[in-house]
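A short worksheet on the structure shown next.
The values are calculated or read from the model by the stated rules, or taken from the named source; none is laboratory data. Fair warning: this is a prediction, and the values are worked out from it, not measured in the lab. Cβ sites come from the backbone with ideal geometry, for glycine too, and all protein chains shown count toward neighbours. Side chains included, ligands, DNA and RNA excluded: accessible areas come from the protein's heavy atoms. Shrake-Rupley method; radii C 1.70, N 1.55, O 1.52, S 1.80 Å.
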Amino acid sequence: RCHRCPHLPTRPYERSEKPCMLSEYMEQYPIHPITPPRDSFKPKEVYKMAQIPMEGISTTKKDYIAREVLPQRLKPPQKAIKSDDSMDLTSTYKQDYNSYPISQVPPCLPRVMRHIPSTKMDTISTYNDDYVLWNEPKTEMIRPDDRFHPSEEKFDHTTVVQDDYLYRGPVATQSCKPRNLQKSKAPFENITNYRANYVPHPLEKPYVHKYEKYKVNEVPFDGLTTHKVSYKRLAAQPAKLAKPYQPKLLHDLPFSSTTEFQEKYQAWPQPPLFTKKPDVYLPPLEKMDLHSTTQMHYKYPNGKPAKMCRSLLQLKKSTEPFNSSSIMKEDYKPWLCKRLKPITHAPELTFPAQPMDCLTTFQKHYVHHPLTVTKSYKPGWSGPKHDTLLDDKTIYATSYTPKAILKCLASYKDPPGYVFEGSDADGHNLYLPASKSECLQGDH
């Protein structure tokens, strides 16, 4: 897989000393042409700007006056005074909790004695033994006689709303609708704040990414990985099959092609299907009366065809030119707009002349103290000590023999021990061993 040929097998190649730049990536992923961005479909509208310049003073600039900013005075840090007293590194835990030798505690679990009785188990449950049915008669239900008795009075068919809420008549209300206002004959003013103050800005050109040219690496590819270099296969026997051996039973009897289903379930005899013969078609002797009920009963003796009520208009072709002017073109004419310059204010901040020291509060005030070595209070090992050394002999350490790393011959430009013979139509370089090439030259 490392030295797979990148050429197509069906394409012929010519012999040349130049290296082949064809690869699988360039074949599968070709360079697509760069398509320019499409133009905007927004119509170019030119608006008339207001002749009065826009006031650039806001409420914040009017009410809030800039004050003089003075530099902040920093409090000088206090100098650290080193004390001569030594630090007491003892704690409450070290004083109260002393270390004791560790010893193994015997288990405190009691010994389990299992007693298996020899008597037969009684399968009657406590419920079946204690709760016995009583022979008592069924008690009658103590329930009042709440059966429905309809009243003998006549139903009046009126509701509570009809009895309590009487109709008072319509209420005269005063209309709040405004009176008809007279429409003004003045033309509609279509100037808005957006049309008056909007400034169209030119669009910037889109950024086009420039692709870098591919550079071929001059270092030859060795094709070796960490796994190939470090891990070598050891000579070992193939794994044995764990499946038990099953001898094949050979019979002289031929294989029966019948099954139990074919022997027991036989096909029933089906009776022949009854088919009725179609009757012979006899055409009627009498002629068919093609008159309908409407033709027989509804007759119009004085009927006339309907006349066309549409008037025929005669269009006259005029020789005068077509007037293309409209109310929209006469009333709404394009305005001549001038681009206003932006109102920029002078900078109000003043930068210091001295450079910044770039020091933090930690770097200025931190004082470095020497490290203190604390004493370890870990208890010592009270278990048994073994003087015997660990046996570090394994199968890998005894049987593994290091081997030299062999470099792949395909990574060389001219492999040693081989002579270049030529290249085929696919662009492959053909090499022969030096011994075979000498023998061929001697025979010639």
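Looking at Thr275, Thr258, which is the one that is of a type in the set (Ser, Thr, Tyr) and more than 60 Å from the chain's Cα centre (by Cα)? Before you say what the answer is, go through the steps one by one.
Working: Thr258 fails: more than 60 Å from the chain's Cα centre (by Cα).
After applying the criteria, what remains is Thr275.
Which one of Thr350, Thr374 is β-branched (Val, Ile, Thr), touching a residue at least 60 places away in the same chain (Cβ under 8 Å) and either in a loop (DSSP other than H, G, I, E, B) or open to solvent by less than 100 Å² (accessible area, probe 1.4 Å) (or both)?
Working: Thr350 fails: touching a residue at least 60 places away in the same chain (Cβ under 8 Å).
Matching residue, one of Thr350, Thr374: Thr374.
From the list Asp88, Asp145, Asp129, pick out the single residue that is in a loop (DSSP other than H, G, I, E, B), charged (D, E, K, R) and over 30 Å from Trp381 (Cα atoms). Step through it out loud before you land on a result.
On the way: Asp88 fails: over 30 Å from Trp381 (Cα atoms); Asp129 fails: in a loop (DSSP other than H, G, I, E, B).
Answer to the selection: Asp145.
Checking the condition among the hydrophobic types (A, V, I, L, M, F, W, C), open to solvent by less than 100 Å² (accessible area, probe 1.4 Å) and out of contact with any Pro (no Cβ under 9 Å at 6 or more places or on another chain), which residue from Val132, Val161, Val171 passes? Talk me through it step by step, then tell me what you get.
Values: Val132 fails: open to solvent by less than 100 Å² (accessible area, probe 1.4 Å); Val171 fails: open to solvent by less than 100 Å² (accessible area, probe 1.4 Å).
Going through Val132, Val161, Val171 in turn, the sole match is Val161.
Which one is modelled with the lowest pLDDT, of the residues in the stretch 54-66 that are surrounded by fewer than 10 Cβ atoms within 10 Å (Cβ to Cβ) and in a loop (DSSP other than H, G, I, E, B)? Outline the logic, then answer.
Our first condition is that a residue be surrounded by fewer than 10 Cβ atoms within 10 Å (Cβ to Cβ); within the stretch 54-66, this holds for 55, 57-60, 62-66.
Imposing the further condition that a residue be in a loop (DSSP other than H, G, I, E, B) reduces the set to 55, 57-58, 64-66.
Working: Glu55: 75, Ile57: 79, Ser58: 81, Tyr64: 80, Ile65: 80, Ala66: 80.
If we take residues in the stretch 54-66 being surrounded by fewer than 10 Cβ atoms within 10 Å (Cβ to Cβ) and in a loop (DSSP other than H, G, I, E, B), then Glu55 is modelled with the lowest pLDDT.
Of the conditions (1) over 54 Å from the mean Cα position of the chain (by Cα); (2) at pLDDT 80 or above, His386 fails just one. Which one is it?
So His386 meets the others, but not (2).
Asn217 passes all but one of (1) over 30 Å from Met49 (Cβ atoms); (2) open to solvent by less than 100 Å² (accessible area, probe 1.4 Å); (3) in a loop (DSSP other than H, G, I, E, B); which number fails?
The number of the failed condition is (2).
So how many residues does the stretch 174-205 have that are open to solvent by 100 Å² or more (accessible area, probe 1.4 Å) and among the aromatic types (Phe, Trp, Tyr)?
Here the count works out to 2.
Exposed (fewer than 10 other Cβ atoms within 10 Å of the Cβ), hydroxyl-bearing (Ser, Thr, Tyr) and under 60 Å from the mean Cα position of the chain (by Cα): does that describe Tyr100?
On the way: exposed (fewer than 10 other Cβ atoms within 10 Å of the Cβ): yes; hydroxyl-bearing (Ser, Thr, Tyr): yes; under 60 Å from the mean Cα position of the chain (by Cα): no.
In short, no.
With the checklist (1) in a loop (DSSP other than H, G, I, E, B); (2) open to solvent by 100 Å² or more (accessible area, probe 1.4 Å) in hand, flag the one item Ser256 doesn't pass.
(2)
Exactly one of (1) over 60 Å from the mean Cα position of the chain (by Cα); (2) open to solvent by less than 100 Å² (accessible area, probe 1.4 Å); (3) among the basic types (Lys, Arg) is unmet by Lys82. Its number?
(2)
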